[in-house]
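The values are calculated or read from the model by the stated rules, or taken from the named source; none is laboratory data. This structure is a prediction, so every number in the text was calculated from the model and none was measured. Counting neighbours? That spans all protein chains shown, and the Cβs are built from the backbone with ideal geometry, glycine included. Calculation scope for accessible area: heavy atoms of the full protein, side chains included, ligands and nucleic acids excluded. Shrake-Rupley method; radii C 1.70, N 1.55, O 1.52, S 1.80 Å.
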Amino acid sequence: MEEPLTETTPPILQDDEKKRKKYDRQLRLWAASGQQALEEAHVLLINSGPGVVGVETLKNLVLPGIGQFTILDSAEVTEADLGVNFFLEPDDVGKFRAERTCALLEELNPDVQGHYNTEPVEYFLTQSSDTHSLRPFTHILVTAPIVPELLADILTHCRATSKPLFYIHCVGFYSVFSVQLPSAFPIVDTHPDPTATTDLRLLTPWPALSALVEEKTRDLDSMNAHEHGHVPYVLIILHFLEVWKQTHDGQVPSNYREKSDFKELVRKGMRINNPEGGEENFEEAIAAVLKSLNPSTPSSAVKEVFDAEECKNLTHDSPHFWVIAHAVSDFYKAHNALPLPGSIPDMKAQSADYIQLQNVYKTKAREDVAEVTLTVRELAKQHGHLAQVDEKEIEAFCKNAAHIKLVRGRPINPAFPGQKLKWGQRAKAAVSALTNPDSLILIHIAFLAFDEFCASHDADALASAPRAPGSQDSEVEFDAEKMTGIANTIIDNLINEAGTRIEEPDYSDIGARVANYVQDIVRAGGGELHNIAALTGGMVAQEVIKVVTKQYVPVDNTCVFDGVGSRTEVLRLGADVSV
Amino acid sequence: MDMDGASVNGSPAGMDRKRWTYLDRILNRPGPFTDEEWVPGEPNIESLERMKILGAGGLGCEILKNLALSGFKDIHVIDMDTIDVSNLNRQFLFRQADVGRPKAEVAAQFVEKRVRGVKITPFCGKIQDKDEDYYMQFGMVICGLDSIEARRWINATLVGMVDNDDADTLKPLIDGGTEGFKGQARVILPTMTSCIECQLDMHAPRAAVPLCTLATIPRQPQHCIEWAHIIAWEEERKGNDTLDTDDPEHITWLYQKALARANEFNIPGVTYSMTQGVVKNIIPAIASTNAIVAAACCNEAFKIVTSTNPPLGFPGTNNYMMYTGDDSVYTYTFEHSKKDDCPVCGNLAKNLEVDPNTTLEDFIASLAEKPEAQLKKPTLRTEEKSLYYQSPPSLEEQTRPNLKKKLSELVSDGEQIAVSDPAFQITFKFKLVFKK
Ligand SMILES: [Zn+2]
């Protein structure tokens, strides 16, 4: 028997039986390759404020077995921490919060190494001159509030080193997080919806498939009931396409009306003089006509990959993804089709016929992989590529070629007091979200105002920590008014930058809505509600896992959660990339 | 009743609130969306501390942690399971050394120790072990149960308990569930809003593979595993052993049987892990999704009890949140409408279109798969006669001949039938409408 093609995510059956058992429920989602990526990651949490959302995120990363984590937090545990942070004990008051949360998180999973650092952020960032102190970490989490200059430093470092960064707000009933991904973040293993139609190439069968159709449908009319009722539907469609072409100048059905006529043609081929009054395999064929008789044009996401500069202009150090993408794009140009994925859905058929059909698809897929591999090897030689691209990588790419995705990470823009935020290319989209009553963008804007407020108000005379709005009972109203003012300025600047106007009553309505969000955020005085922190920590952890494993599709790039309406919105924001 | 929880650290309830600094801001300050009548402060603290709340099911760890840190003081937990090593990747109150111990007990002890002043009462058993008297003591039930049967049972129980003359008999039910990166949270006000039975079509069962495919023409590795599970075990081992899907020897046996069959038919892909997955119907589960869904549920509980912001679930508002995290993040929050023909909370019989030529036997089989029924061991009768009884044996025998009869011989077009099933305490009413 021939070796089956490996799955996009290879199944795990390896060394550590204990680990396999413990992680069984998640390995079914991201397999051994994803698990290995998790175990190689080292996440840094730069914690501040009440500090719950970051710790809850870590909890959801420690449990599935992230390699290492480090908590940077100079705060000491207060009574107030005990009411909101589960990873502190009653006796911890007065001790370093980083130390205690680290210890209690480490307890969750002996496979994980935890570290902590109690230096203030500004000291931590500046202590080493030549090597940046963020270098040891693979992924960075930053929770607000943080001094904007420090945030800007961290963002710049992450951008320069292509290190994914997550910037998280969580106050009262609301949260927002932004993900700063590298400028090119390609994903091969996107785990498309299993109900997405597989590419069966019914309109462009290759010789081996046509030969199988001929062999298996030649005697269609003389077959006994059992045989006739078990011809795989793929072969039925291909057979009747040939019949159709004979009366249609060799053309296949191309529009809805023709496809409906074609369905009738197939239906006429079905035997109905039996107890069931029909045949399941023919019903499957009829049901598949509309969705399977489409030319296999690549999605816009795939075209975006082919058109990317990184794909067109390979260099000696191009990442493997781009070398393979270039080869697949060449393949597409030559054949006007992507490499065949090679899998077929289950269908009514005799075992042997089904396996035979499956093997015809698999063989073709293997040939396509071989052709792409040849191109990859040539390209590598041409460009003096040193590292050998693994065959498995090429196979995985070809198998999922129709569903690959490229996320273009955009820089997060920190809000500096008194400075205009740059919305760049995203300004127009942001403005249209402003006037959409269902959009949650005003919560994001309220949090930008929150950042500006914190940056311009110190908790004490030492200016060592920012003060959150609403932290004093006596100043709630005053702070809300001030923060609303900041939010309105942000909105006005955005509308200006987009070069547009918003007429009344829409404009006043936006002002009233943002004032409500500001008021509800100020009400919490910078405090977290445990539920909202836990929920947001779950969302951020999902995103970290997707980014670490390079599987599934991450948020691009800002996600807002409204704990009053219990809903989210993803906004595509971020600065333009400066050249 | 006096709560001894609040006095553990030596101060009476409501006095030492330093720990609740952040929570109290929300409890003490009105917000833009709070009701005009809302009274800030003490009454909200009292409501939280007085509320006796029940958590159940696989999301229990998250639910207990969240409720304890939301200011609830009297929490009950019900769970029949013992800790398995495969729980440790997400159920964070359990350690390797706890494997084999009852979940409810270990979880309760852990949270009581970590969050001082909260009282957690565990019950190790099935939710079906308890009766109305037990459920009547709670103000609210939050569940993250892993089977649809258990969900339907608790739902029907809480709906059945409502006495329109006594507001205390209406217990809000908050339900959460997860699968992989996806999940849902919903709020049900029994008899007032759409219930779990009304929403049954959101949980369509997976179509079963026909037996003849398993027996004669397998094509997929799963077909070989199902064959080993359903056919080979019955034939070769049933007499001596009851299949225990937690027994590695049993799974290994099924795996080897499936593998041999797959080799016979040249079907690639049977693995031990897949065998386990198919036989135990394993649903992928991760910590982060559980965190999201459990917190969404507890956030609604908190809002309902404190009125600090509008919750989901009031009639005429959204009551259902669907979360999808595998392709970016997407939530769909909507109002699922109450159905007048809901067998649990409605008063009309549900229309069921049937082929009059179907035999009663096939009709019964179809009830297990129909998304709106999902009844596995139904007993059926019309107003006048018994159609089929699963038990007692004497009645079963008496009604068995009906199984081979066509529906048209047993009922008339549009006739109402009553269906009961041992998994549920209520009777389902269906009106059989003949297909033309
Ligand atoms: Zn109902």
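Being more than 9 Å from chain B (Cβ to nearest Cβ) and not aromatic (Phe, Trp, Tyr) is the filter here; which residues of region A:502-517 pass it? First the steps, then the outcome.
First, pick out the residues of region A:502-517 that are more than 9 Å from chain B (Cβ to nearest Cβ): A:502-514.
Correct list: A:ILE502, A:GLU503, A:GLU504, A:PRO505, A:ASP506, A:SER508, A:ASP509, A:ILE510, A:GLY511, A:ALA512, A:ARG513, A:VAL514.
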Report task. Determine the pairs where a residue that is free of Cβ contacts under 8 Å to residues at least 12 places away in the same chain and away from the ligand (no atom under 12 Å from the Cβ), located within region B:145-167, has a partner that is open to solvent by less than 20 Å² (accessible area, probe 1.4 Å) and part of a helix (DSSP H, G or I) with Cβ atoms under 9 Å apart, the partner being 6 or more residues away or on another chain. Result -> B:ASP163/B:THR169
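Here is a check on your reading of the model: is B:ASN319 of a type outside the set (Phe, Trp, Tyr) and away from the ligand (no atom under 16 Å from the Cβ)?
Values: of a type outside the set (Phe, Trp, Tyr): yes; away from the ligand (no atom under 16 Å from the Cβ): no.
When the stated conditions are applied, B:ASN319 does not pass them.
Do we have A:VAL234 as crowded, with 20+ Cβ neighbours inside 10 Å, in contact with a Phe, Trp or Tyr (Cβ under 7 Å, 6 or more places away or on another chain) and outside the structural domain of A:PRO341 (by TED's automatic domain parsing) here? Before you say what the answer is, go through the steps one by one.
On the way: crowded, with 20+ Cβ neighbours inside 10 Å: yes; in contact with a Phe, Trp or Tyr (Cβ under 7 Å, 6 or more places away or on another chain): no; outside the structural domain of A:PRO341 (by TED's automatic domain parsing): yes.
For A:VAL234, the condition - crowded, with 20+ Cβ neighbours inside 10 Å, in contact with a Phe, Trp or Tyr (Cβ under 7 Å, 6 or more places away or on another chain) and outside the structural domain of A:PRO341 (by TED's automatic domain parsing) - is not met.
Could you tell me which residue of region B:305-315 is nearest to the chain's Cα centre (by Cα), considering only residues that are more than 16 Å from the ligand (Cβ to nearest atom) and open to solvent by 40 Å² or more (accessible area, probe 1.4 Å)? Walk me through how you get there before you give the answer.
Restricting attention to region B:305-315, the residues satisfying the condition of being more than 16 Å from the ligand (Cβ to nearest atom) are B:305-312, B:314.
Still in the running and open to solvent by 40 Å² or more (accessible area, probe 1.4 Å): B:307, B:310, B:314.
Values: B:SER307: 27, B:PRO310: 25, B:PHE314: 21 Å.
For region B:305-315, the residue satisfying everything is B:PHE314.
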**Report entry** Residue among B:GLU361, B:GLU372, B:GLU353 that alone is surrounded by 18 or more Cβ atoms within 10 Å (Cβ to Cβ) and over 27 Å from A:GLY565 (Cα atoms)
**Finding:** B:GLU372
Report task. Go through (1) open to solvent by 10 Å² or more (accessible area, probe 1.4 Å); (2) in a loop (DSSP other than H, G, I, E, B); (3) among the hydrophobic types (A, V, I, L, M, F, W, C) and name the single condition B:TRP153 misses. Result -> (2)
Query raised in the report: Of the numbered conditions (1) over 30 Å from A:SER183 (Cβ atoms); (2) in contact (Cβ under 8 Å) with a residue 60 or more places away in the chain, A:ASP451 satisfies every one except a single condition; which is it?
Result: (1)
Query - Answer residue from region A:537-579, given it is open to solvent by 20 Å² or more (accessible area, probe 1.4 Å) and of a type in the set (Lys, Arg) and is nearest to A:PRO164 (Cα to Cα) among those - result: A:LYS550
**Report entry** Number of the exception - A:GLN68 against (1) more than 25 Å from B:PHE181 (Cα to Cα); (2) surrounded by fewer than 23 Cβ atoms within 10 Å (Cβ to Cβ); (3) more than 10 Å from chain B (Cβ to nearest Cβ)
**Finding:** (1)
Report task. Sort out which residues of region B:233-242 are surrounded by 12 or more Cβ atoms within 10 Å (Cβ to Cβ) and over 23 Å from B:THR216 (Cα atoms), and write them in order of number. Result -> B:ASP241
**Report entry** Hits in region B:281-292 (condition: at the interface with another protein chain (Cβ under 7 Å from one of its Cβ atoms) and open to solvent by 30 Å² or more (accessible area, probe 1.4 Å))
**Finding:** none
Query - Hey, A:PHE240 open to solvent by less than 10 Å² (accessible area, probe 1.4 Å), at pLDDT 95 or above, outside the structural domain of A:ILE344 (by TED's automatic domain parsing) and aromatic (Phe, Trp, Tyr) or not - result: no
Query raised in the report: Any residue at all in region A:117-136 that is buried (at least 17 other Cβ atoms within 10 Å of the Cβ) and touching a Lys or Arg at 6+ places or on another chain (Cβ under 8 Å)?
Result: yes
Report summary line: Scanning region B:175-187 for residues that are over 11 Å from B:MET322 (Cα atoms) and either free of Cβ contacts under 8 Å to residues at least 12 places away in the same chain or in a strand (DSSP E or B) (or both) gives B:ASP175, B:GLU179, B:VAL187
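What is the residue count in region A:471-528 for residues that are touching a strand residue (DSSP E or B) at 6+ places or on another chain (Cβ under 9 Å) and not aromatic (Phe, Trp, Tyr)? Walk me through how you get there before you give the answer.
Let us first name the residues in region A:471-528 that are touching a strand residue (DSSP E or B) at 6+ places or on another chain (Cβ under 9 Å), namely A:517, A:520-528.
Still in the list and also not aromatic (Phe, Trp, Tyr): A:520-528.
Going through region A:471-528 one residue at a time, the tally reaches 9.
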Query raised in the report: Has region B:122-138 got at least one residue that is more than 16 Å from the ligand (Cβ to nearest atom), closer than 28 Å to A:LEU108 by Cα and buried (at least 22 other Cβ atoms within 10 Å of the Cβ)?
Result: no
**Report entry** Answer from B:PRO205, B:PRO190, B:PRO172, B:PRO210 - the residue that is within 10 Å of chain A (Cβ to nearest Cβ) and either in contact (Cβ under 8 Å) with a residue 60 or more places away in the chain or within 17 Å of A:ASP346 (Cβ to Cβ) (or both)
**Finding:** B:PRO210
Query - Residue within region A:524-542 that is without any contact (Cβ under 8 Å) to a residue 40 or more places away in the chain, facing another protein chain (nearest Cβ under 9 Å) and out of contact with any Ser or Thr (no Cβ under 7 Å at 6 or more places or on another chain) present - result: no
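Within 30 Å of B:VAL293 (Cβ to Cβ), in contact with a strand residue (DSSP E or B) (Cβ under 6 Å, 6 or more places away or on another chain) and within 16 Å of the ligand (Cβ to nearest atom) - does that describe any residue in region B:325-337? Walk me through it before giving the result.
Let us first name the residues in region B:325-337 that are within 30 Å of B:VAL293 (Cβ to Cβ), namely B:325-337.
Add one more test, that the residue is in contact with a strand residue (DSSP E or B) (Cβ under 6 Å, 6 or more places away or on another chain), and what stays is B:327-334, B:336.
Checking the rest, the ones that are also within 16 Å of the ligand (Cβ to nearest atom) come to B:336.
Yes, the conditions are met somewhere in region B:325-337.
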Requested in this report: Of the conditions (1) surrounded by fewer than 22 Cβ atoms within 10 Å (Cβ to Cβ); (2) within 16 Å of the ligand (Cβ to nearest atom); (3) more than 30 Å from A:ASP438 (Cβ to Cβ), B:VAL344 clears all except one; give me its number.
Outcome: (1)
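Given the structure, is B:VAL278 surrounded by 19 or more Cβ atoms within 10 Å (Cβ to Cβ), aliphatic (A, V, I, L, M) and either within 23 Å of the chain's Cα centre (by Cα) or more than 12 Å from chain A (Cβ to nearest Cβ) (or both)? Give the steps one after another, and end with the answer.
Details: surrounded by 19 or more Cβ atoms within 10 Å (Cβ to Cβ): yes; aliphatic (A, V, I, L, M): yes; either within 23 Å of the chain's Cα centre (by Cα) or more than 12 Å from chain A (Cβ to nearest Cβ) (or both): yes.
Judged against the criteria, B:VAL278 is a match.
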**Report entry** Top-ranked residue of region B:174-232 - restricted to ones that are among the charged types (D, E, K, R) and within 16 Å of the ligand (Cβ to nearest atom), ranked as most open to solvent (accessible area, probe 1.4 Å)
**Finding:** B:ASP201
Report summary line: Contact list, first residue from region B:321-349 and more than 14 Å from chain A (Cβ to nearest Cβ), second anywhere and away from the ligand (no atom under 16 Å from the Cβ), beta-carbon distance below 8 Å, six or more apart or interchain, is B:ALA349/B:GLN416; B:ALA349/B:LYS431
Query raised in the report: Can you tell which of A:PRO145, A:PRO192 is under 30 Å from B:ASN309 (Cα atoms), assigned to a loop (DSSP other than H, G, I, E, B) and touching a helix residue (DSSP H, G or I) at 6+ places or on another chain (Cβ under 6 Å)?
Result: A:PRO145
Report task. Filter region A:86-108 down to the residues that are within 14 Å of chain B (Cβ to nearest Cβ) and in contact (Cβ under 8 Å) with a residue 40 or more places away in the chain, then identify the one that is most open to solvent (accessible area, probe 1.4 Å). Result -> A:GLU106
Query - Number of the exception - B:ILE53 against (1) under 19 Å from the mean Cα position of the chain (by Cα); (2) β-branched (Val, Ile, Thr); (3) within 14 Å of another protein chain (Cβ to nearest Cβ); (4) open to solvent by 10 Å² or more (accessible area, probe 1.4 Å) - result: (4)
